[in-house]
Amino acid sequence: MSNEVFTLKQVAQSIRKTLESRYERTYWVKAEIYKMNLFPSGHAFPELVQRTDGKIVANLSGVIWKTSYGRISKQFEATVKEPFSEGKEVLMLVKITFSEVYGLSLHITDIDPSYSLGALHKLKLETIDALNKLGILQKNQSLRLSLPKRIAVISAESSKGLSDFMQVLSASQSKFGISTFLFNATVQGDQAVESILQAFNKIERVRQYFDAVVIVRGGGAEVGMSCYDDFKLCKRIAEFPLPVLCGIGHSTNLTVAEMVAYSHAITPSVLAADLLQEFELKLLELDVICANLKQAQNRLLTDTKNTFHQTVSKINGVTKWRFERINNQLSTAEQLCIQEVQYVLSFHKQYISSSPIAIQTLVKKSHQIEHHRRTLLEQQLSFTMNRMVDKNATLIESLEKQVQLMSPAAVLARGFAIARSKGKALLSKTELHPGSMIQIELSDGTAEAEVKST
């Protein structure tokens, strides 16, 4: 063992100098922001990870100084339309640094937002592909929705979108008897997925009290929308037992949640207006139906009155004729009943007389069938026994030939020999001794031999 002893600071300084000489330039590194760790001072110390098959295979600390954090976050949000926050995969320009006190870290000086934009688009396509493979991309749209009078609303209590939705709906809410119940949830950002899923779980437990589910979110900047491309949330919407309607306030590309939902609208206000329009259309249909019913009622009353008067005038003449006709029919029916009873009695009398003969014939025929069946079984049994005897005879003959082939005489005839010592067959060369005499048995006789060496 070396007697030289180093202090911890000397070791750390040596590591720092080595890293500084080895990693002098900056590098582009892609990683996931596992935790942002943003401090009140404005500095951020993100924890960076790499996953493979869902497992973390690399973990390093990063640092973004206040002077860079504001620029980076604004640039990211402007391009990706998502906050620069945890859970995002980013491409960073870093300088590898080492401090004797704080250890190894990646000093992040810039990012490439277009990389994260591509990653989010890839996530969207992967979600669509996964839902399509499960065959549930249009499952929610296959549900039946008539007039949703009992609506479960998923939104943030303070959301401008919720306020807009309720303002439009309240104009005719009492007219159509529409009731709503708010399930408060975070509807944008990193916490939205779990929050909305919890709201869906609550609704499902009481789904018998609702006709449909509405998700509304305020409009404005399209930031924090990636949650609506999340596979878990979109799968939940697609498989939910009630129709799900989306009004999440944006005007560009559709999210996957809107694709799988029963229907969607560009804003919460438009969604509320669409719902009311369905009620208004049904109301117009009812008005037309009521008008047609009234006209039909008037025509029916007029026709009924005319028919009634005509019927009354005919009743007197028809009644007498009907009575005479019924009397004649009753007389005819009485005669037919008497004849039918006599015929039935005669038929049964003949049937009872002929029954013993029929029974004897049936018994005789049964005996013949049974005799034929026994004869057939005996023939089949005899045939089967003969086949078994022939088969066993062939097998015995084959075994006899195998025994003859394996006899000692047959083995010797094929060129083999048996070595014996003092009348005992030798099984191993260890039983041979130089100078000893052995007897060798061949197919045509025996001979003696002397062992020279082993």
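The values are calculated or read from the model by the stated rules, or taken from the named source; none is laboratory data. Please read all numbers here as calculations on a predicted model, not as lab measurements. With ideal geometry, Cβ positions are generated from the backbone for all residues, glycine too; neighbour counts draw on all protein chains shown.
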Kindly establish whether Ser105 is farther than 30 Å from Ser14 by Cβ and either surrounded by 14 or more Cβ atoms within 10 Å (Cβ to Cβ) or outside the structural domain of Ala58 (by TED's automatic domain parsing) (or both). no
Checking the structure you have, find out if any residue of the range 73-91 is charged (D, E, K, R), exposed (fewer than 14 other Cβ atoms within 10 Å of the Cβ), more than 42 Å from the chain's Cα centre (by Cα) and at pLDDT 85 or above. no
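In contact with a helix residue (DSSP H, G or I) (Cβ under 7 Å, 6 or more places away or on another chain), surrounded by fewer than 16 Cβ atoms within 10 Å (Cβ to Cβ) and within 21 Å of His107 (Cβ to Cβ): is that true of Ser21 in this structure?
No, not satisfied.
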Looking only at residues that are of a type outside the set (S, T, N, Q) and free of Cβ contacts under 8 Å to residues at least 60 places away in the same chain in the range 257-277, which one is nearest to Val187 (Cα to Cα)? Ala257
Give just the number: which of (1) out of contact with any His (no Cβ under 9 Å at 6 or more places or on another chain); (2) free of Cβ contacts under 8 Å to residues at least 60 places away in the same chain; (3) of a type outside the set (A, V, I, L, M, F, W, C); (4) surrounded by 15 or more Cβ atoms within 10 Å (Cβ to Cβ) does Asp53 not satisfy? (4)
Answer with yes or no whether Ile215 is touching a residue at least 12 places away in the same chain (Cβ under 8 Å), outside any helix (DSSP H, G or I), touching a strand residue (DSSP E or B) at 6+ places or on another chain (Cβ under 7 Å) and under 22 Å from Gly87 (Cβ atoms). yes
Out of (1) buried (at least 24 other Cβ atoms within 10 Å of the Cβ); (2) modelled with pLDDT under 85, the odd one out for Tyr228 is which? (2)
Among the residues in the range 161-182, are any touching an Asp or Glu at 6+ places or on another chain (Cβ under 6 Å), over 30 Å from Thr79 (Cβ atoms) and in a strand (DSSP E or B)? no
When you scan the range 191-200, do you find a residue that is farther than 19 Å from Arg236 by Cα, out of contact with any Phe, Trp or Tyr (no Cβ under 6 Å at 6 or more places or on another chain) and among the β-branched types (Val, Ile, Thr), even just one? no
Out of Phe45, Phe6, I need the residue that is closer than 29 Å to Asp229 by Cα and among the hydrophobic types (A, V, I, L, M, F, W, C). Which one? Phe45
Checking Ser116 against (1) touching a strand residue (DSSP E or B) at 6+ places or on another chain (Cβ under 7 Å); (2) modelled with pLDDT of 90 or more; (3) not in a strand (DSSP E or B), the condition it does not meet: (2)
The correct count of residues that are among the polar types (S, T, N, Q), assigned to a loop (DSSP other than H, G, I, E, B) and surrounded by fewer than 20 Cβ atoms within 10 Å (Cβ to Cβ) in the range 232-273 is 3
Please verify whether the range 39-57 includes one or more residues that are modelled with pLDDT of 85 or more, in a loop (DSSP other than H, G, I, E, B) and of a type in the set (Ser, Thr, Tyr). yes
Leu254: without any contact (Cβ under 8 Å) to a residue 24 or more places away in the chain and more than 15 Å from Gly218 (Cα to Cα), yes or no? yes
Going by the structure shown, is Val90 among the aliphatic types (A, V, I, L, M), in a loop (DSSP other than H, G, I, E, B) and out of contact with any Leu (no Cβ under 6 Å at 6 or more places or on another chain)? no
Which number in (1) assigned by TED's automatic domain parsing to the domain that holds Met92; (2) surrounded by fewer than 10 Cβ atoms within 10 Å (Cβ to Cβ) marks the one condition that Asn3 misses? (1)
Tell me whether the range 188-211 contains one or more residues that are among the polar types (S, T, N, Q), in contact (Cβ under 8 Å) with a residue 40 or more places away in the chain and not in a helix (DSSP H, G or I). no
Those residues of the range 56-67 that are closer than 11 Å to His107 by Cβ and either without any contact (Cβ under 8 Å) to a residue 24 or more places away in the chain or surrounded by fewer than 18 Cβ atoms within 10 Å (Cβ to Cβ) (or both) come to a total of 2
Lone unmet requirement of (1) at pLDDT below 90; (2) under 18 Å from Val187 (Cβ atoms) for Ile151: (1)
Where the second residue is part of a strand (DSSP E or B) and the first is acidic (Asp, Glu) and lies in the range 425-454, which pairs have Cβ atoms under 6 Å and are six or more apart or on separate chains? Glu441/Ile418; Glu448/Met437; Glu448/Gln439; Glu450/Met437
